[in-house]
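No value in this document is a laboratory result; all are computed from the given coordinates. Everything numeric here is computed off the predicted structure, so don't read it as measured data. In this analysis, Cβ positions are derived from the backbone assuming ideal geometry, glycine residues included, and neighbour counts consider all displayed protein chains.
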Amino acid sequence: MEAIFSILRAKLKENIQIEFDDRNNTVYLWVKSKQFTDAIIATPNEVKVMLIIFGGLNENTSLTIEVNNSSKIIKLISDNKDEYTFLKGIMENLWDQTIDLLEQVDVGNFSEFLKIKFED
Amino acid sequence: MDEKLDDRINPFMEIAKEPIKRIKNSYERIIYDEYVTMRDGVKLAVTVSLPNLDGKNNKFPTFLSQTRYWRAMKLRLPFRWLIDELPLATVVNVMFNSHGYATVSVDVRGTGASFGSRNFPFTKEEVQDGNELLNWITAQPWSNGMVTSSGGSYLGTAAEYLATHNNPSLKAIVLGHCSWDAFLDGAAPGGCYNHTFMQMWSLSGKLQDQNNPKMFKQNLPMFWLMSEGVKPVYSELNPNLLQEAIDQHANNQYVYELTRDLNFRDDELPDGNHVDYISTFYHKKEIESSKVPILSWASWLDSGYGDVVIYRFLNLNNPQIGIIGDWNHGATLPSNQFFPERKVVNPTLDRLLKTWIHFFESCINNNQSHEKLLYYYTMGEEKWKKTDIWPPLRHEYSRWYFSSKNALINTPPKEDVGSDQYKVDFFASTGRNNRWWALLGYQVLYGNRAERDSKLLTYTSMPFKTDIEITGNPIISVNLSTTHQDGVIYGYLEDINQEGVVTYITDGHIRFIHRKISDEPSLYKALIPYHSYKKNDALEVIPNEIMEIKFGLHTTSAVIKKGHRMRIALAGHDRETFKKYPSSGKPILSIYRNNANPSYIDIPIIAKKDSN
């Protein structure tokens with residue numbers, strides 16, 4: 001599993017590009033993975049769930065999520081500077097945090113997992 | 001060769017001793033999903049993973065798994081953007097594909113992304129689907145006509161049912177941690193309803209059948225983090241296929257609702273059958289007539305599944321290898337109670353998979369020996385052993401009597417009177433890390449039982465002068481009376497070291513109404529007193545009348561070291577696991593220990609080679 005996590009961490013950084021537009025309080029996620037060929041890359045809700053589980057985003061945070069399936073670009077638009085700053089903090093470390101969480105759970109460390117505030 | 005004691009014995013090294021040939025491009029795979037239509041029109045969701053040999057027209061043996069726990073998962077973001085399946089599935093499929101096997105994973109009818117509904121696990125229809133799937137596989141252009149099957153728990157039972165069809169394409173099965181007698185291994189061990197397991201298993205099944213991953217959050221967090229539901233079979237023509245399948249699952253029935261009032265083995269289920277019908281022992285003749293080689297493996301500490309490996313060994317004449325170790329349900333965690341600090345399970349998943357592939361290869365190439373062989377791990381001694389007979393050579397029983405002052409001694413009582421009273425403590429519990437919760441994915445960790453034993457009636461030996469190996473089924477014989485018309489006796493066999501740490505070895509229990517030792521031939525060979533658990537054999541419990549009750553504990557293999565003591569702890573309830581008997585009242589049990597009504601435990605020991 002360790003080897004798989006390591007591959008996943010590298011793949012995430014290599015294949016999902018994150019860019020920040022500070023002036024417009026917007027984060028861009030570009031899914032560049034050639035392996036992923038589905039017509040629909042995500043629903044806005046799926047993106048939000050990802051940010052809640054792996055980034056610690058508050059479920060009530062107002063965030064506009066626009067998914068462009070043809071360009072495979074997802075726009076995350078915050079309502080104000082404060083929320084944008086928080087979102088930017090999440091996105092800067094999102095992939096490391098994601099894999100760190102998997103690694104912790106894999107060895108039976110559930111302290112971060114138990115902090116997740118999301119129910120299916 | 002009857003028995004070998006050898007440090008170097010390790011089934012996972014012996015069975016998989018030669019390197020297996022890998023194919024080129026071993027990590028390149030072709031994965032696709034499709035629906036396979038059964039004879040009655042029900043569509044089963046299937047995921048196929050093939051070695052990719054650059055378009056060459058190769059044919060492969062197939063590894064088939066049938067599950068009720070989702071054949072594949074739809075991954076959450078961001079994983080779905082990068083990988084096709086969970087890492088665990090990747091490990092399994094890559095391992096088989098890279099050794100030249102196709103893999104086929106199936107959602108059984110009424111579950112996952114498959115259509116249909118089910119009123120019970122392993123219905124006639126579900127079992128018959130297995131045969132159709134074998135035929136479907138062998139008709140595929142990539143199939144070489146040979147199929148193997150394996151899996152743990154439900155998937156293992158599904159693999160065992162495949163052998164009932166006598167389908168020539170089935171070459172070998174590996175049965176991991178799975179049932180033999182659904183009444184005693186799962187629903188009602190000792191005739192006591194396995195309340196928590198049945199309820200939670202039903203609930204988790206219901207959630208999964210409605211495509212809700214919620215149940216994973218508590219039990220399998222890794223799955224929950226990575227998966228949002230079952231993997232659909234995509235269709236551009238009908239994007240609602242998954243929802244249509246899930247809608248049909250609304251007609252499913254679940255075992256808890258159907259069995260929560262189960263008292264007897266022959267209680268009728270709603271379809272007119274009884275629990276035995278969904279037990280594989282009931283299909284012994286068909287399994288044997290298939291002559292399919294079996295590798296059966298489990299743990300001493302997982303539910304009753306250690307016993308199951310022994311039952312297959314004793315009862316099926318198929319070529320067979322049995323392996324019983326010291327891990328949890330599915331061998332993902334260590335569970336040796338003598339070493340609770342261990343964090344890593346041995347064997348690794350990689351070693352396990354290689355062992356199964358070696359076994360399959362030997363069967364496909366007709367190199368599998370036709371003998372029976374059983375590997376078992378002796379806890380405390382920390383040694384693998386192997387035998388072709390069970391019980392092993394030099395097995396004998398040593399009788400230990402319950403005596404005054406809570407002593408356990410090996411001489412019969414001389415006194416005419418002698419008994420101990422035990423007011424049943426309905427708060428007594430083995431906790432949530434016992435052998436039955438293990439079925440729900442929990443670690444097996446009984447811990448130091450000194451505190452728990454304070455709620456029980458115990459009998460403890462003097463320190464042993466030499467190491468004693470206990471291998472087999474301990475058998476308790478008690479003369480007891482109760483103040484009520486129903487009840488249960490639980491017995492825990494324990495080791496106590498010089499520091500007073502109480503370590504669980506094994507346990508067993510029986511509800512008083514099932515105490516009759518049946519005159520009928522037993523349903524299958526077992527090395528413990530035979531209770532039929534049938535309605536006609538139920539005996540009334542008359543308050544304050546002495547009953548003789550004999551029952552077997554789960555089979556085990558462990559060493560009590562020199563200087564340690566042996567303890568038998570008796571209880572009347574296990575609160576977090578089993579249904580309460582009687583449902584109300586505060587019964588007092590009297591355990592008699594006099595020359596007219598002795599109580600004792602027969603300990604199966606392996607005599608030392610040089611002893612007489």
Fill in: Cβ-placed point charges (K, R +1; D, E -1), dipole of the stretch B:357-467 about Cα centre in debye, nearest 20
180 debye
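When ranked by the protection proxy of mean other Cβ atoms within 10 Å per residue, highest first, what sequence do the peptides A:103-116, B:445-458 form?
B:445-458, A:103-116
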Worksheet entry | Where Rh is the Kirkwood radius over Cα pairs, Rg/Rh for chain A | 0.96
Practice prompt. Count, for each residue of B:79-90, the Cβ atoms from other chains sitting within 10 Å of its Cβ, then give me the mean as a whole number.
Written response: 5
Fill in: Amide H within-cut-off set for B:Gly100, under 5 Å, with H built and near neighbours excluded
B:Ile23
Worksheet item: So for chain B, taking the charge dipole from beta-carbon charges (+1 Lys/Arg, -1 Asp/Glu), which of B:Gly41, B:Gly441, B:Ile513 sits furthest toward the positive end?
Response: B:Gly441
Item to complete: Quickly rank B:529-538, B:388-397 as a protection proxy: mean count of other C-beta atoms within 10 Å, highest first.
Response: B:529-538, B:388-397
Worksheet item: For the stretch B:575-590 and the stretch B:219-293, what is the separation of their Cα centres, given in Å?
Response: 32 Å
Discussion item. Placing unit charges on C-beta atoms (Lys and Arg positive, Asp and Glu negative, everything else neutral), compute the dipole magnitude of the protein assembly as shown about its Cα centre in debye, rounded to 20.
Written reply: 1000 debye
Fill in: About the Cα centre, charge dipole magnitude for the stretch B:448-558 (Lys/Arg +1, Asp/Glu -1 at Cβ), debye
260 debye
Fill in: Hz values of 3J(HN,Hα) by residue in the stretch B:551-567 - Karplus curve (6.51, -1.76, 1.60), Gly and Pro given as x
8, x, 8, 4, 5, 8, 8, 7, 10, 9, 6, 3, x, 8, 10, 10, 10
Response to the item:
If unit charges are put on Cβ atoms (+1 for Lys and Arg, -1 for Asp and Glu) and the dipole of the protein assembly as shown is taken about its Cα centre, the option from B:Gln66, B:Ile15, B:Tyr592 lying farthest towards the positive end turns out to be B:Ile15
Response to the item:
One would report the Cα pair-distance distribution of chain B, bin width 20 Å, in %, as 20, 53, 25, 3, 0
Worksheet entry | Relative contact order (%) - criterion: Cα under 8 Å, at least six apart; region: the stretch B:194-257 | 38 percent
Discussion item. Ranking request for peptides B:212-219, B:291-298, A:21-28: highest mean number of other beta-carbon atoms within 10 Å first, then the rest in descending order.
Written reply: B:291-298, B:212-219, A:21-28
Item to complete: For the protein assembly as shown, just the Cα atoms, rotate onto the principal axes and tell me the three extents in Å, largest first.
Response: 93, 61, 51
Item to complete: Ignore the peptide's own chain and count Cβ atoms of other chains within 10 Å of each Cβ in B:68-78; give me the average, rounded.
Response: 3
Practice prompt. Just tell me how shielded A:6-19 is by partners: mean number of partner chain Cβ atoms within 10 Å of each residue's Cβ, no decimals.
Written response: 2
Worksheet item: Considering only B:Val108, B:Thr157, B:Ile137, whose Cα is most displaced toward the positive end of the charge dipole of the stretch B:3-387, charges sitting on Cβ of Lys, Arg (+1) and Asp, Glu (-1)?
Response: B:Ile137
